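Structure, as structure tokens:
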Amino acid sequence: MILGFCEGQMREAFGDQLRVTNAHLEKCGLRVKGGKVYLRSRHFPPKPGHVPGKQYELAMGVSASPAGLKVAIAKAKAIDSDLMWGRFSWKHHLRGKAAIPETIAQWVERYEEHHW
């Protein structure tokens with residue numbers, strides 16, 4: 001019974017911290033889904049090939065735990081700042097098939113920087 005009480009308190013404290021964080025973020029918010037923390041916002045620029053105005057959700061890559069929430073909060077603050085200042089780029093957040101393809105000119109430039 002004591003363990004259940006402590007677990008309930010921890011869940012409540014986690015929820016409180018999540019609400020406080022979301023109140024301080026201006027352009028995005030954190031949410032928990034399936035035991036993981038996600039950041040969602042309607043203020044993201046459209047992904048390459050998508051229409052504007054869509055709400056996107058980014059996986060923060062952390063579990064819904066006190067330690068995971070600390071990491072997610074730090075990432076969310078940085079992304080929120082980038083959104084406010086118009087500096088957000090999908091380039092750093094897309095992986096695999098969704099990644100923005102590199103042009104030949106970019107590849108040649110990167111090659112020359114490393115080679116010379």
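The values are calculated or read from the model by the stated rules, or taken from the named source; none is laboratory data. Not measured: the values here are computed from a predicted model. Ideal geometry is used to build each Cβ from the backbone, glycine not excepted, and the neighbour counts take in all protein chains shown. Areas reflect the complete protein model, heavy atoms only, side chains present, ligands, DNA and RNA absent. Shrake-Rupley method; radii C 1.70, N 1.55, O 1.52, S 1.80 Å.
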Q. Does residue 33 count as open to solvent by 90 Å² or more (accessible area, probe 1.4 Å) and not aliphatic (A, V, I, L, M)?
A. no
Q: Name the single residue, out of those in the range 21-35 being over 21 Å from residue 87 (Cβ atoms) and among the charged types (D, E, K, R), that is farthest from the chain's Cα centre (by Cα).
A: 33
Q: Answer with yes or no whether residue 16 is acidic (Asp, Glu), modelled with pLDDT of 80 or more and open to solvent by 50 Å² or more (accessible area, probe 1.4 Å).
A: yes
Q. Just to be sure, is residue 25 of a type in the set (A, V, I, L, M), open to solvent by less than 30 Å² (accessible area, probe 1.4 Å) and at pLDDT 90 or above?
A. yes
Q: Pull up the range 36-86, narrow it to residues that are of a type in the set (A, V, I, L, M, F, W, C) and surrounded by fewer than 16 Cβ atoms within 10 Å (Cβ to Cβ), then point me to the one that is nearest to the chain's Cα centre (by Cα).
A: 59
